[in-house]
1. With the full set of protein chains in place, find how many percent of the accessible area of the range 59-150 is carbon and sulfur; take the probe as 1.4 Å.
2. Just order 145-153, 64-72, 234-242, 262-270 by mean Cβ neighbour count inside 10 Å, highest at the front, would you?
3. Report the full-extension gain for the segment ARG198 to LEU22: residue separation times 0.36 nm, less the Cα-Cα distance, to one decimal in nm.
4. For the range 1-95, what does the equivalent ellipsoid look like in terms of its semi-axes, each the square root of 5 times an eigenvalue of the Cα gyration tensor, given largest first in whole Å?
5. In the chain, which cysteines lack any other cysteine Cβ under 4.7 Å from their own?
6. Gain in length, ALA64 to VAL82, computed as 0.36 nm per residue apart minus the alpha-carbon separation, to one decimal in nm?
7. Could you work out the relative contact order of the chain, using alpha carbon pairs under 8 angstrom and six or more residues apart, expressed as a whole percent?
8. Note the angle between two axes, namely the Cα long axis of helix 244-269 and the longest principal axis of the Cα atoms of the chain, as a number of degrees from 0 to 90, rounded to the nearest 10.
Amino acid sequence: MTQARFWKLAALALAFTLGVILWGAFVRATGSGAGCGSHWPTCNGDVIPRSPSAATFIEFTHRATSGIAFLLVALQLVWAFVAYPAGHPVRGGASASMLFMITEAAVGAGIVLLEYVAHDASAARALWMAVHLINTFLLVGAMTCTLYWARGGRRVRWRGQGATGALLAVALAGVLAVGVTGAIAALGDTLFAASSLREGIAQDFSPTAHFLLPLRTLHPAVAVVVSAYLLFARGAIAARRPSPLVERLSMATGGLVLLQIGAGLLNLLLLAPVWMQLVHLLLADLLWMVLVTLAAAALGEPAPAADPGSRGEDDKARSEAVAA
């Protein structure tokens, strides 16, 4: 087990986990979440279902691939502790990935056992979906950082980052907010499908509408605000932490934001078909991964003295001037 090959395992684990996440969205979009009944970890009481229906096959496939992803992250953790010395950020990233993979499995099991699946339209299901989305993003973020550090990325410095740290914190929180509102909107699209855009708008603003329907309008509003902020913040961060890597990540962030805006509009106009929901989710995951990497790269760069709030760097510069 060498460091030179570890990054390949980290990349495989991350790519496979993304596939599992997309398949999980397919389970929800097709209403197959009850395919294994309220049983977990078995499927309708069997380890391997016999003569499964389409819904059972879809749900069982998700569980099986989730188990493989769990094993990959566990192997990544063991390899990280064997190949890297104590205190190395790869160890921290692998440990965080394992923690969030465990909580991901626990949340998924809770959703099944409590029967917040299929056609359940309760507020509790919406809350559990929000928790699931946040945990999924944290899992993907931890795995992304693990890969970044395995490829030679600098350790993140939290102190003395000033306005740059604040810009990134707001950006990350904003994307999480868009993700949560998007998950709730997707649930509403699945449970209350409309035959036309006009019918969908009428559903959202009907005084007798189910609570999930008015919430669908929250997602595009939050997305517009956060997208505008990201387009501004990425440039400000690149200016404060000038480096080729930060510049590339800043450009990638801007490109993915614009792609997401287009995908969101197309998803709305096409009345959220399953394939478009998956494309929209994939772009959201990629944007999150690039933004997390941008944060790691920017916070790993030396903070310039001109950055407001970077007191540690300012004090160091003044001390050197006095000594000279």
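The values are calculated or read from the model by the stated rules, or taken from the named source; none is laboratory data. Just so it is clear, the structure is predicted and the values come from calculations on it, not from any experiment. Note that each Cβ is placed from the backbone with ideal geometry, even for glycine, and that neighbours are counted across all protein chains shown. Remember, those area values only see protein heavy atoms, side chains included, never the ligands or the DNA or RNA. Shrake-Rupley method; radii C 1.70, N 1.55, O 1.52, S 1.80 Å.
1. On the way: 2880 of 3630 Å².
Percent of accessible area from carbon and sulfur atoms in the range 59-150: 79.
2. So the order, starting with the most tightly packed, is 145-153, 234-242, 64-72, 262-270.
3. Result for the pair: 60.5 nm of gain on full extension.
4. Values: eigenvalues 225, 33, 20 Å².
In descending order the semi-axes read 34, 13, 10 Å.
5. CYS145
6. Numbers: separation 18, 0.36 × 18 = 6.48 nm, distance 2.75 nm.
Length difference between fully extended and current span is 3.7 nm.
7. Worked out over the chain, it gives 20 percent.
8. Between the helix axis and the principal axis of the chain, the angle is about 20 degrees.
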